[in-house]
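K.L.:
Below you'll find the structure I mean.
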Amino acid sequence: MRRNALLFLIFSLLPAFALGPAGAATQDKTADPRTFRTIAAVPTAEPITIDGVLSESVWKTAGFGGFTQRDPLDGQPATEPTTVWVAFDHDNLYVAARLADSEPSKIVGRLGRRDEYVESDWFDVGVDPYHDRRSGYYFGVNPFGSIEDGTLSNDEETDSTWDGIWESAARVDDGGWVVEIRVPFDQLRFKRQDIYVWGINFQRVLKRKNEESHFAWVPKEESGLVSNFADLTGLVDIAAGRRLEISPFAVSQAKFNPAEPGNPFRTGRELAASAGFDLKGGLSSNLTLDLSVNPDFGQVEVDPAVINISDQETYYQEKRPFFIEGSSIFNFGRGGPNVYRSFGWDDPDFFYSRRIGRTPQGSPAGPGFSDMPDWTTILSAAKVTGKVGRNFNLGVISALTEREYALIDDDGARSKTEVEPFSHYGVARGLKEFGEGRSGLGFIATSLLRDLRERPLDSFLSRSALALGLDGWTFLDKDRGWALAGWAGLSTVRGSAEAMTDLQLSSLHYFQRPDADWVEVDPNATSLSGWAGRLYINKQKGSVVFNAALGAMSPGFEANDLGYHTRGDVINGHVEAGYRTFHPGRLFRTWTVTGSYYRNYDFGWNRVGEYIYLDGKGQFLNYWTATLHLDYEPPKYSHYLTRGGPMAFYPAGETVSVTLAGDDRKPLIVRFSGYYRYHPSGGYNWSLGGGLTWKPSSNFSLSVGPSYTWRYSEGQWVRSVTDPLKTSTYGVRYVLSDIIQKTLPIEVRVNWTFTPRLSLQAYLQPYVATGDFRAFKELHAARTFDFDYYGDGDSTIAYADGVYTVDPDGAAGPAASFTFRDPDFNLKSLRGTVVLRWEYRPGSMFYLVWTQKRADYANPGDFEFWRDMGDLFQARGENIFMVKFSYRFEL
């Protein structure tokens, strides 16, 4: 391991020592292109037609140019001139640009759906209507008319989930290409004034040269985006409208699945229809209301298949438009620093929107066939976002979900069981910024209230869950070179004594650990409370990299009813330092080397985590990129090998991983990744991944990404068995096994764009995962990684009809025998979604969706590629066809 680290260090520093001061000879700093700039918007009474032809008189005036490169030669003048104009009337902001090109036949244009950043030339404009130097909007157009838009926050962060109603046109001609943009003022939030000063900037991407240039340029060594915008002056008498839009929609769905003989709920065909509406309105020029009644999200991409044999919940990304649009306002604890790094620590999400409308958590009781809802119906959801007062950002969400029932049919006798209670979800987020974003102070508050009427729901669900957090940041110096940020939060969950006992015993808390004297199970408790917090410091700019953090999460912290987090009972600290260069040398265009270290303790001050990392990444002169990662994990103790039992020793481990990716300008892009991890005790795992993206035409792309993982572990959990005779592990036998796990996911994506508003997307994921459990055993003693193997000595293990029977000390011994089912598995899954999306008029949508799911479980524990793939494609699947139609009215 030491030899590998030394070789990597020498390799990573090679550009610095062997190639000289990268880029120094190519940078002409005699003229400073960073002079602060101002643009005056020109009023116009002449109607402007958005057609990509600069025929209006306002575009005949002198424009603004002088763009400066950020890539590939930071600080040099752009190689091709760009001229921009800004105009306005009472209702609209207009932007035009002439993007000259000495070789117009080589202009790169690609068609892509909205907000898909395709490898193309681009022209982007960013505006800061509040002129707070922290937030704003951006709008982008490429030569083929594809568009992107979104919001800007925290000075440098972008969020493409916002979709405004605006108009653009692009046209290629003999001199290059031309862009025209019209943005209605009622699509933007800003404070009403007599005379306005906004922030503005323009960016041009010249793809064949991989050149990115800006009107208001910021050196790569510096930080900040919106804070460096030019000033836009001249805006007067503009409409800060309170727009009101309503979009009613109708949905019809047909589900076809294999019929199940005798099951009245599985006849092979289900038909359904629903309707609702979405409303968006300006409560003021600063605040926007989004309201959705009976929303339907059938057009979103299906979640990928996973196999999870850990004791932690799988995290899925949010994909539903109502919840992702403008979601950045609800980001908590992420303001200030432009880089947040975590080693051995996961910040809790106080708000995880997929809790709203989740799969019902109850299950049908009693004999017979049952019909469970796939998800919980959202009756209504409302969201208010914007600013109030002076630089106070506000976001509020309120949602109601339906009481859901499972239908039961027992020989024709129908009944129903409640599987999800009627619930209210509430979130409030506020953030006050001071001194043009030099510091900030905010809060988040979340609440979940459930109307629990029936058992057994009240025996495992909380009745209420509340969480409150405070966060803030400040820059430590005048130049904003250092940032200090932190947050702290409290949580309280209430419910029946049964529900709270169940929560204390869960994998998030494990209060039953016999050797953890700082926690204990209280069977009479009707609430559980906890706290968490973190302090973080970051160097914002320059070639030297540095950040450090200290965080803690108490054993009782619990925010998973409306948020998401992994287990608590952890005290974490990390430090990272390194060096990076932004300018081309003889081998690399840019490169970074960092070293980092973290250590974790529990609240009993046992060392439960520790890692040493060494990372390098770089972009070669041919625009290929590569990364190399090395780490060493010293021996430690783990609470979680026994899943609620005593601590066990966890042996050391070493890891090496590499990635390599090609130039994304090419019609064929290749990617490769490799990973190897080794434990001196004998466990190891490795993976290989690849990727191929093919772009045969300007409107079509095909991506295929297979990977294969092979894992051998000596400490896979099976079950626990109470036995007072097992005194070395506190009266419980912790049954473990070796496991060989093989996983093969293949992700296929097709993007076929007919026009910027009409596209076809397809996602397909064949997935095979097998687990071969072997060498069953039990932990010999607490705080060890020693085992007693069943079948050795007097112990016996027998297998019959899928069940193992174990006698720990043989027939003559006093210990009782026990059984467990064969845990081997072979999951073969195929999931796919095809979506035809047509925005037939601005804000009005038509979707045609086909979703398919199929699975097979034959041959558990045995991986054989061709047989398993054959079984998968022969398995009978579920097909869902959906049509959704919406029409936007502006009132």
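K.L.:
Taking the Cα centre of the chain as the origin and placing charges on Cβ (Lys, Arg +1; Asp, Glu -1), which of Ser146, Val293, Ser720 is farthest toward the positive end of the dipole?
P.N.:
Of the options given, the answer is Ser146.
K.L.:
Another question, if that's okay. If N is the number of residues in region 510-606, what value comes out of its Cα radius of gyration divided by 2.2 N^0.38 Å?
P.N.:
Values: Rg = 19.9 Å, N = 97, 2.2 N^0.38 = 12.5 Å.
After normalising by residue count via 2.2 N^0.38 Å, the value is 1.59.
K.L.:
So what is the relative contact order for the chain, in percent, with contacts set as C-alpha pairs under 8 Å and at least six apart?
P.N.:
On the way: 2405 pairs, mean separation 80.7, N = 891.
Computed value for the chain: 9 percent relative contact order.
K.L.:
From zero outward in steps of 5 Å, how is the percent of C-alpha pairs of region 792-891 spread across the bins?
P.N.:
Bins of 5 Å from zero give 3, 10, 12, 10, 9, 9, 8, 8, 8, 6, 5, 4, 3, 3, 2, 1, 0 percent of pairs.
K.L.:
So, one more: Quick one: net charge of Phe889's neighbours, Cβ under 14 Å, K/R +1, D/E -1?
P.N.:
Working: positive: Arg243, Lys280, Arg841, Arg888; negative: Glu245, Asp278, Glu890.
Once positives and negatives cancel, what remains is +1.
K.L.:
Here is the link list: Lys220/Lys280; Lys383/Lys695; Lys220/Lys432; Lys280/Lys695; Lys319/Lys387; Lys617/Lys695. Which ones come out longer than 30 Å on Cα distance? Please report the intermediate quantities before stating the final value.
P.N.:
Working: Lys220/Lys280 39 Å; Lys383/Lys695 39 Å; Lys220/Lys432 28 Å; Lys280/Lys695 37 Å; Lys319/Lys387 25 Å; Lys617/Lys695 26 Å.
Over 30 Å apart, Cα to Cα: Lys220/Lys280; Lys383/Lys695; Lys280/Lys695.
K.L.:
Taking all pairs of distinct Cα atoms, average 1/r, flip it, and tell me the Kirkwood hydrodynamic radius of region 558-702 in Å to one decimal place. Mind dumping the intermediate values first?
P.N.:
Details: mean 1/r = 0.0536 Å⁻¹.
Evaluated on region 558-702, it is 18.7 Å.
K.L.:
Moving to a separate point now. Can you tell me the length gained on complete extension of the stretch Val42 to Tyr117, counting 0.36 nm per residue apart and subtracting the Cα distance?
P.N.:
23.9 nm
K.L.:
Count charges around Phe588 for me, please; just the other residues with Cβ under 11 Å from its Cβ, Lys/Arg as +1, Asp/Glu as -1. Don't skip to the end; give the middle numbers.
P.N.:
Values: positive: Arg580, Arg586, Arg589, Lys617; negative: none.
Charge balance in the 11 Å sphere: +4.
K.L.:
Take the Cα atoms of region 654-718, build their convex hull, and give its volume per residue in Å³.
P.N.:
87
K.L.:
Write down the accessible area per residue of region 691-807 in Å², having rolled a 1.4 Å probe over the full set of protein chains. It would help to have the intermediate numbers written out before the result.
P.N.:
Details: 5030 Å² over 117 residues.
With the other protein chains kept in place, region 691-807 gives 43 Å² per residue.
K.L.:
Ratio to report: Rg/Rh of region 145-234, with Cα atoms as the point set and Rh obtained by the Kirkwood method; give two decimals.
P.N.:
Details: Rg = 15.2 Å, Rh = 15.6 Å.
Looking at region 145-234, the ratio lands at 0.97.
K.L.:
Under a cut-off of 28 Å between alpha-carbon atoms, report the lysines in cross-link reach of Lys636, not counting same-chain residues fewer than 8 places apart.
P.N.:
Excluding near neighbours in sequence, the set is Lys726, Lys742, Lys777.
K.L.:
Next question. Calculate one ³J(HN,Hα) per residue across region 854-863 by plugging θ = phi - 60° into the Karplus curve 6.51 cos²θ - 1.76 cosθ + 1.60, and present them in order as whole Hz with x for glycine and proline.
P.N.:
Computed from phi, the couplings for region 854-863 are 8, 8, 8, 10, 5, 6, x, x, 10, 9 Hz.
K.L.:
Hey, another quick one. Run the reach check for Lys884 against aspartates and glutamates, Cα to Cα strictly under 15 Å, same-chain hits fewer than 8 apart removed. What comes back?
P.N.:
Those aspartates and glutamates meeting the cut-off are Asp278, Asp296, Glu301, Glu839.
K.L.:
Counting C-alpha atoms alone, how compact is region 685-789: give Rg to one decimal and Dmax as a whole number, in angstrom.
P.N.:
So, for region 685-789, Rg and Dmax equal 23.3, 72 Å respectively.
K.L.:
Follow-up question, since we're still on this one. Once you sort the root eigenvalues of the Cα gyration tensor of region 325-412 as a ≥ b ≥ c, which label holds: rounded (a/c under 1.5), prolate (a/b larger than b/c) or oblate (the other case)?
P.N.:
Numbers: a/c = 5.65, a/b = 2.09, b/c = 2.71.
Since a/c reaches 1.5 but b/c is at least a/b, the shape of region 325-412 is classed as oblate.
K.L.:
So, with +1 on the Cβ of K and R and -1 on the Cβ of D and E, and no other charges, what is the size of the charge dipole of the chain about its Cα centre, to the nearest 20 debye? Could the numbers behind the result be given before it?
P.N.:
Numbers: 92 positive and 111 negative charges, 314 e Å.
For this selection, approximately 1500 debye.
K.L.:
Give a residue-ordered list of calculated ³J(HN,Hα) values for region 199-210 (Karplus: 6.51 cos²θ - 1.76 cosθ + 1.60, θ = phi - 60°; whole Hz; x for Gly, Pro).
P.N.:
For region 199-210, the Karplus-derived couplings read x, 8, 8, 10, 9, 10, 10, 10, 5, 5, 9, 6 Hz, x marking Gly and Pro.
K.L.:
Using alpha-carbon pairs under 8 Å, 6+ residues apart, how would you state the relative contact order of region 93-245 in percent? List each step's numbers first, then the result.
P.N.:
Numbers: 345 pairs, mean separation 40.7, N = 153.
RCO, region 93-245: 27 percent.
K.L.:
Per residue of region 40-45, what does 6.51 cos²θ - 1.76 cosθ + 1.60 with θ = phi - 60° give for ³J(HN,Hα)? Whole Hz please, x for Gly and Pro, Karplus curve as stated.
P.N.:
9, 6, 9, x, 9, 9
K.L.:
Consider all pairwise Cα distances in the chain and report the whole-number % of them above 51 Å.
P.N.:
22
K.L.:
Still on this structure, please answer the following. Taking 7 Å along the Cα-to-C-beta vector as the label spot, tell me the Asp792-Trp605 distance in nanometres, rounded to one decimal.
P.N.:
3.6
K.L.:
Please compute the net charge surrounding Lys432, taking Lys and Arg as +1 and Asp and Glu as -1 over other residues with Cβ under 14 Å from its Cβ. Before the final figure, lay out each step's value.
P.N.:
Values: positive: Arg134, Lys387, Arg390, Arg429, Arg438; negative: Asp132, Glu433, Glu436, Asp471.
With Lys, Arg at +1 and Asp, Glu at -1, the neighbours total +1.
K.L.:
Per 10 Å bin from zero, what fraction in whole % of the C-alpha pairs of region 243-301 is there, up to the bin with the longest pair?
P.N.:
Once binned at 10 Å, the Cα pair distances of region 243-301 give 19, 31, 24, 14, 8, 3.
K.L.:
Return an integer: the convex hull volume of the alpha-carbon atoms of region 368-507, in Å³ per residue. List each step's numbers first, then the result.
P.N.:
Working: hull volume 21.5 nm³, N = 140.
Once divided by residue count, the hull of region 368-507 is 153 Å³.
K.L.:
Let me ask something else. Please label the shape of region 69-159 as rounded, prolate or oblate, based on the square roots a ≥ b ≥ c of the eigenvalues of the alpha-carbon gyration tensor (a/c under 1.5 means rounded; beyond that, a/b larger than b/c means prolate, else oblate).
P.N.:
Details: a/c = 1.44, a/b = 1.40, b/c = 1.03.
Judged from the Cα gyration tensor, region 69-159 comes out rounded (a/c under 1.5).
K.L.:
Once amide H atoms are built 1.01 Å from N in the peptide plane, which residues 5 or more positions from Phe277, or in another chain, come under 5 Å H to H?
P.N.:
HN-HN under 5 Å from Phe277: Phe249, Val293.
The values are calculated or read from the model by the stated rules, or taken from the named source; none is laboratory data. What you see is a predicted model; the values in this text were computed from it and never measured. Positions of Cβ are backbone-derived with ideal geometry, glycine not excepted, and every protein chain shown enters the neighbour counts. All accessible areas refer to the heavy atoms of the entire protein, side chains included, with ligands and DNA or RNA removed. Shrake-Rupley method; radii C 1.70, N 1.55, O 1.52, S 1.80 Å.
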